[in-house]
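Student: Got a structure for you, written out below as structure tokens; questions coming shortly.
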Amino acid sequence: MKPVNVGMLGLGTVGAGVANILERNADVITRRAGREIRITRVAARHLDRPRSCRLEGFQLTTDPFEVVDDPEVEIVVELIGGYEPARELVLRALDNGKHVVTANKALIALHGNEIFARARETGVTVAFEAAVAGGIPIIKAIREALTGNRVEWLAGIINGTANYILTEMFYEGREFGEVLAEAQRLGYAEADPSFDVEGIDAAHKLTILASIAFGIPLQYDKVHIEGIDHITREDVAWAQELGFRIKHLGLAFHVENGYTLRVHPALLPVRHMLANVDGVMNAVMVKGDAVGPTMYYGAGAGAEPTASAVVADMVDVVREFNLEPENRVPYLAFHSHALSKGVVLPMHEVETAYYLRLFARDEPGVLADVTRVLGDRGISIEAVIQKQPEPGVDHIPVILLTHKVREGQMDAAIEQLENLERIDGRIVRIRVENLE
Ligand code: HSE
């Protein structure tokens, strides 16, 4: 049978990975897809850069529109990332009747609703497994394998760079900035690493996972987002003294009156499986009412792990070439007309336990002031650690672990505590999750 021609936008780390896998595993991929899949056109910004793949057989161009307009190309693989011109290129490819495979989480999280609608109109398909957790087939698992379940919650370590930084802080006591620079050198971090450390990249991925799990529209703007840039190596050590590890999590819960979508650092019990996902690895736990908790683990970034998901999407697209759009697996697991509204609750309604870190003047009665403020608001304390003052410093670090309370209550308590004369500076809060 005639080979399938692929046009690729971008020939960076992942693009080279895709080219290498298609060449190395051509025999098994053809046997699975039913047709040979070959890259014919490639757009890259710089044609003279050294590449970690062979370029034989590729027609190269610096103009990505040449690729999406090429009548011989049947599948466009978008690997340039970012919002624009990726959005314009993908929409044009769909208008030209080409199927699209993308690894672009920002694009799907923010413009997925528009892109899927366009694909339905033009009768082609969009596949995006590589957009979430790199090589872990998490979209396929939730969309196709857990369809008998009501998903109750999901929780994931879905940014490898943030996980790498927290892991190095935990095991080696290293400083945040130094580890971030290393993650950039190793090629894990986004082009703009603030996306990794401020939680934006994880929020893009969580948006996609939550929609697929709950059958709600993509709502990136409703995700509460916090990064890890305020976490110190002391927090990491003090959390450990209390029996916890700090991880950067994406969390989506189906609660009584809606959904909560949030990305933030959290303390997890040291023995929890997610607490033991180290380095650049990703993992997602999904709790279904029928199956119970399930966990998916693997490499969330890197050339071949991400390319593994891209190639799997290409195979799926080829297998479904002749299906009518209404017979394909729905993009968000639920048919578009069956998506529910998905009310996302504001953060002040979320209920969790807290780790609080504050600096108090080393005088009698200060701790009593703190516990009175919390007690007056019905916040009960589970543990307190008071550290030794540094020589010459009159404020000592105090760490408190609270029971569960609504975020709105905690906001008010923190504001009151920060106004106490004998408390210095801002109070750091990190939420505690048990994920049982
Ligand atoms: N910068 C991302 C990460 C790459 O660190 O996980 C994969 O999306």
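The values are calculated or read from the model by the stated rules, or taken from the named source; none is laboratory data. Everything numeric in this text was worked out from a predicted model, so none of it was measured. Because the Cβ atoms are built from the backbone with ideal geometry, glycine has one as well, and the counts that use them run over all protein chains shown. Surface areas here come from the heavy atoms of the whole protein model, side chains and all, with no ligands, DNA or RNA. Shrake-Rupley method; radii C 1.70, N 1.55, O 1.52, S 1.80 Å.
Student: A309: of a type in the set (G, A, S), within 26 Å of the chain's Cα centre (by Cα) and in the same structural domain as K404 (by TED's automatic domain parsing), yes or no?
Tutor: Spelling it out, it is not the case that A309 is of a type in the set (G, A, S), within 26 Å of the chain's Cα centre (by Cα) and in the same structural domain as K404 (by TED's automatic domain parsing).
Student: Hey, any hits in segment 190-207 for a residue that's out of contact with any helix residue (DSSP H, G or I) (no Cβ under 6 Å at 6 or more places or on another chain) and more than 16 Å from the ligand (Cβ to nearest atom)?
Tutor: For segment 190-207, residues out of contact with any helix residue (DSSP H, G or I) (no Cβ under 6 Å at 6 or more places or on another chain) and more than 16 Å from the ligand (Cβ to nearest atom): absent.
Student: Could you look through segment 333-361, keep only residues that are assigned to a strand (DSSP E or B) and open to solvent by less than 10 Å² (accessible area, probe 1.4 Å), and pick out the one that is farthest from E74 (Cα to Cα)?
Tutor: Keep residues of segment 333-361 that are assigned to a strand (DSSP E or B), which gives 334, 344, 351-361.
Of the ones still in play, those that are also open to solvent by less than 10 Å² (accessible area, probe 1.4 Å) are 352, 354-356, 358, 360.
Numbers: T352: 49, Y354: 52, Y355: 53, L356: 55, L358: 58, A360: 65 Å.
Looking at the filtered set, the residue picked out is A360.
Student: Take the residues in segment 371-393 that are exposed (fewer than 13 other Cβ atoms within 10 Å of the Cβ) and modelled with pLDDT under 90; name whichever of them is nearest to A237 (Cα to Cα).
Tutor: Among them, the one singled out is Q388.
Student: Of all residues in segment 68-127, which are under 21 Å from N5 (Cα atoms), small (G, A, S) and buried (at least 20 other Cβ atoms within 10 Å of the Cβ)?
Tutor: Those that are under 21 Å from N5 (Cα atoms), small (G, A, S) and buried (at least 20 other Cβ atoms within 10 Å of the Cβ): A86, A93, A103, A119, A127.
Student: What number goes with the only condition from (1) over 29 Å from the mean Cα position of the chain (by Cα); (2) open to solvent by less than 10 Å² (accessible area, probe 1.4 Å) that E36 does not pass?
Tutor: (2)
Student: Could you count how many residues in segment 157-189 are under 30 Å from G292 (Cα atoms) and within 10 Å of the ligand (Cβ to nearest atom)?
Tutor: 8
Student: Another question, if that's okay. Out of segment 287-313, which residues are in contact with a helix residue (DSSP H, G or I) (Cβ under 6 Å, 6 or more places away or on another chain), at pLDDT 95 or above and within 25 Å of V432 (Cα to Cα)?
Tutor: Y296
Student: Within segment 218-231, how many residues turn out to be free of Cβ contacts under 8 Å to residues at least 40 places away in the same chain and of a type in the set (V, I, T)?
Tutor: Going residue by residue through segment 218-231, those that are free of Cβ contacts under 8 Å to residues at least 40 places away in the same chain are 221, 225-226.
Now drop any that are not of a type in the set (V, I, T), which leaves 225.
Count: 1.
Student: Continuing with this model, one more query. Do you know which residues across segment 99-115 are within 16 Å of the ligand (Cβ to nearest atom) and either without any contact (Cβ under 8 Å) to a residue 60 or more places away in the chain or not assigned by TED's automatic domain parsing to the domain that holds E324 (or both)?
Tutor: Scanning segment 99-115 gives T102, N104, L107.
Student: Now, a different point. Within segment 149-156, identify whether any single residue is touching a strand residue (DSSP E or B) at 6+ places or on another chain (Cβ under 8 Å), closer than 17 Å to S211 by Cβ and within 12 Å of the ligand (Cβ to nearest atom), and answer yes or no.
Tutor: The answer is yes, given that some residue of segment 149-156 is touching a strand residue (DSSP E or B) at 6+ places or on another chain (Cβ under 8 Å), closer than 17 Å to S211 by Cβ and within 12 Å of the ligand (Cβ to nearest atom).
Student: Moving on. Restricting to segment 1-22, count the residues that are of a type outside the set (A, V, I, L, M), part of a helix (DSSP H, G or I) and touching an Asp or Glu at 6+ places or on another chain (Cβ under 9 Å).
Tutor: Final tally of qualifying residues: 2.
Student: Quick check on this structure: which one of E241, E226 is among the charged types (D, E, K, R), surrounded by 18 or more Cβ atoms within 10 Å (Cβ to Cβ) and over 28 Å from A145 (Cα atoms)? Even if it seems obvious, please write down each step before you answer.
Tutor: Numbers: E241 fails: surrounded by 18 or more Cβ atoms within 10 Å (Cβ to Cβ).
After ruling out the rest, the residue left standing is E226.
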